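Remarks on the structure that follows.
The values are calculated or read from the model by the stated rules, or taken from the named source; none is laboratory data. For clarity, every value in this text was computed on a predicted model and none was experimentally measured. A quick note on method: Cβ atoms are made from the backbone with ideal geometry, for glycine too, and the neighbour counts reach across all protein chains shown. Quick note on the areas: whole protein, heavy atoms, side chains included, nothing else; ligands and nucleic acids left out. Shrake-Rupley method; radii C 1.70, N 1.55, O 1.52, S 1.80 Å.
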Amino acid sequence: MAGLYPREFLAIPGPTPVPDAVLEAIARHPIGHRTPDFSKMLMSVVEDLQWLGQTKNDVFVLTASGTGAMEAAIANIVSPGDVVVSLVCGNFSERWAKIAQSYGAAVERIVVEPGKPYAVDALRTRLQADKDKTIKAVTITHNETATGVINDLGTIASLVKAHGAISIVDAVTSFGACNVPIDEFGVDVLVCGSQKALMLPPGLAVIFFSERAWKANAECRSPRFYFDLKKYKKSIGEKTTPFTPNVSLVAGLQASLAMMKQEGMGPIFVRHERMKKALRAGLTAMGLELFVGEDAASPTITAIIPPHGLTVDSIRKSLKERFKIMVADGQEELKGKIFRIGHMGYVFDRDVLMVLSALEAVLTDLGHTCKPGAAVKAASSLSK
Ligand SMILES: Cc1ncc(COP(=O)(O)O)c(C=O)c1O
């Protein structure tokens, strides 16, 4: 594109903005992966991921997108015929069920309507009824990106642990933005991806694996090669990876984790909570309807129902053309019914105010009536 334009701002739920220090680390010439320098880098990444996950569990960095880590989780725990309970509240939690089915599991879904959090009572009842302990694993999506719902992971994981099944958790859009104390919650397997709150481009995934998960792994009969976590475990003992890793992204991850350590875990979580509240207050002041109630509202993604008479397409197109701000459509049956704003990772109060004022401008252009400045005023009072 000729001319001078502002940098596109990614207010989608990933990929997310990447800090300069991370871009600079990625841009350096790659180093050999069988070298002491890479081993040092990898081990510092492992240590910092354990810090962020508040865990002593094993953690492996996979060269894959988040779905790769999801497949690794299933392939290393679930055997054909195993009963897997999948909690479903949207498109990404449904993905767990599909992966488990493709590995031959007998999947039982506990489904709630989109926009609502998981039915914890229904899970409790199902687990209590399983006297013979036939349920092998329960799949959980901590933060449902498709709807902007956060689920009560602590309660759910403790129910699963009390039953004895393995908890398999997608924290793709919560890890690094929300408190996910893996050991305290007793989570067995947890996955996340690089292009969300970890502030990197897409291409790396992370998987945490508990002692209980290793016991289940010893009995697992599913085929696997690239994602055979035993290979990763053996390699990490030698401070390396079984296959050629994306060394540039690992360098980027080292830089992003260093920034996160500098900000501190508590302040990171508080910032995301604050941005959620400010954004929701601003959207409401603009007369917009939020898709998710206060109780289950995600700190990283907010879904909005477009004002009557306006299409999601027109709002997204106007934000992009006029301000170079990208927001996301709904997915599958929610396509055209909601639009989603991501606010995770390298995103700050300033960005929330910017998105709100740009949204007010385009909605006004498109014919929506709202009180000028009301959104920024409402958000600003909360973003201090
Ligand atoms: C909650 C959640 N799980 C899984 C995924 C899949 O990750 P990827 O697209 O990196 O494979 C995403 C992607 O947006 C997600 O938001």
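Scoring His163 on the criteria (1) touching a Leu at 6+ places or on another chain (Cβ under 9 Å); (2) within 15 Å of the ligand (Cβ to nearest atom) leaves a single failure, condition (2).
Considering (1) touching a residue at least 60 places away in the same chain (Cβ under 8 Å); (2) within 18 Å of the chain's Cα centre (by Cα); (3) surrounded by fewer than 23 Cβ atoms within 10 Å (Cβ to Cβ), the lone condition that Glu273 does not fulfil carries the number (1).
You will find that of Lys133, Lys161, the residue that is assigned to a loop (DSSP other than H, G, I, E, B), modelled with pLDDT of 95 or more and of a type in the set (D, E, K, R) is Lys133 and no other. Filtered by the rule that a residue be open to solvent by less than 10 Å² (accessible area, probe 1.4 Å) and in contact with a Ser or Thr (Cβ under 6 Å, 6 or more places away or on another chain), the stretch 353-384 gives a lone residue, Val362. Restricting attention to the stretch 49-64, the residues that are open to solvent by 20 Å² or more (accessible area, probe 1.4 Å) and in a helix (DSSP H, G or I) add up to 2. Within the stretch 1-45, the only residue that satisfies the criterion of being within 16 Å of the ligand (Cβ to nearest atom), in contact with a helix residue (DSSP H, G or I) (Cβ under 9 Å, 6 or more places away or on another chain) and of a type in the set (Val, Ile, Thr) is Val18.
Considering Thr67, Thr139, Thr155, the condition of being within 30 Å of Thr16 (Cα to Cα), assigned to a helix (DSSP H, G or I), modelled with pLDDT of 95 or more and under 16 Å from the mean Cα position of the chain (by Cα) is satisfied by Thr67 alone. The condition of being of a type in the set (Phe, Trp, Tyr) and more than 16 Å from the ligand (Cβ to nearest atom) does not hold for Tyr118. Can you confirm whether Gly3 is small (Gly, Ala, Ser) and free of Cβ contacts under 8 Å to residues at least 60 places away in the same chain? In short, yes. In the stretch 174-194, the qualifying residues are those that are under 15 Å from Asp58 (Cβ atoms) and away from the ligand (no atom under 14 Å from the Cβ), and the one that is most open to solvent (accessible area, probe 1.4 Å) is Asp183.
Here is a yes/no grid of residues against (1) buried (at least 16 other Cβ atoms within 10 Å of the Cβ); (2) touching a Phe, Trp or Tyr at 6+ places or on another chain (Cβ under 7 Å); (3) of a type outside the set (Lys, Arg):
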{"residue": "Arg224", "(1), (2), (3)": "yes, no, no"}
{"residue": "Phe227", "(1), (2), (3)": "yes, no, yes"}
{"residue": "Lys230", "(1), (2), (3)": "no, no, no"}
{"residue": "Ile236", "(1), (2), (3)": "yes, yes, yes"}
{"residue": "Lys239", "(1), (2), (3)": "no, no, no"}
{"residue": "Pro242", "(1), (2), (3)": "yes, yes, yes"}
{"residue": "Val247", "(1), (2), (3)": "yes, yes, yes"}
{"residue": "Ala251", "(1), (2), (3)": "yes, no, yes"}
{"residue": "Met260", "(1), (2), (3)": "yes, no, yes"}
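Going through the stretch 330-352 one residue at a time, which ones are within 30 Å of Ala258 (Cα to Cα) and either in contact (Cβ under 8 Å) with a residue 40 or more places away in the chain or open to solvent by less than 10 Å² (accessible area, probe 1.4 Å) (or both)? Within the stretch 330-352, Arg340, Ile341, Gly342, His343, Met344, Gly345, Tyr346, Val347, Phe348, Asp349, Asp351, Val352 qualify.
May I ask you to verify whether Ala171 is within 22 Å of Val111 (Cβ to Cβ) and either without any contact (Cβ under 8 Å) to a residue 24 or more places away in the chain or away from the ligand (no atom under 16 Å from the Cβ) (or both)? Answer is no for this residue. Taken over the stretch 20-38, the criterion of being crowded, with 16+ Cβ neighbours inside 10 Å and in a helix (DSSP H, G or I) is satisfied by Val22, Ala25, Ile26, Phe38.
Counting residues in the stretch 72-87 that are of a type in the set (S, T, N, Q) and open to solvent by 30 Å² or more (accessible area, probe 1.4 Å) gives zero. Kindly check whether there is at least one residue in the stretch 356-365 that is part of a strand (DSSP E or B) and in contact (Cβ under 8 Å) with a residue 60 or more places away in the chain. Among the residues of the stretch 356-365, not one is part of a strand (DSSP E or B) and in contact (Cβ under 8 Å) with a residue 60 or more places away in the chain, which makes the answer no.
The one condition from (1) charged (D, E, K, R); (2) more than 16 Å from the ligand (Cβ to nearest atom); (3) under 22 Å from the mean Cα position of the chain (by Cα); (4) within 30 Å of Met260 (Cβ to Cβ) that Arg95 does not meet is (2).
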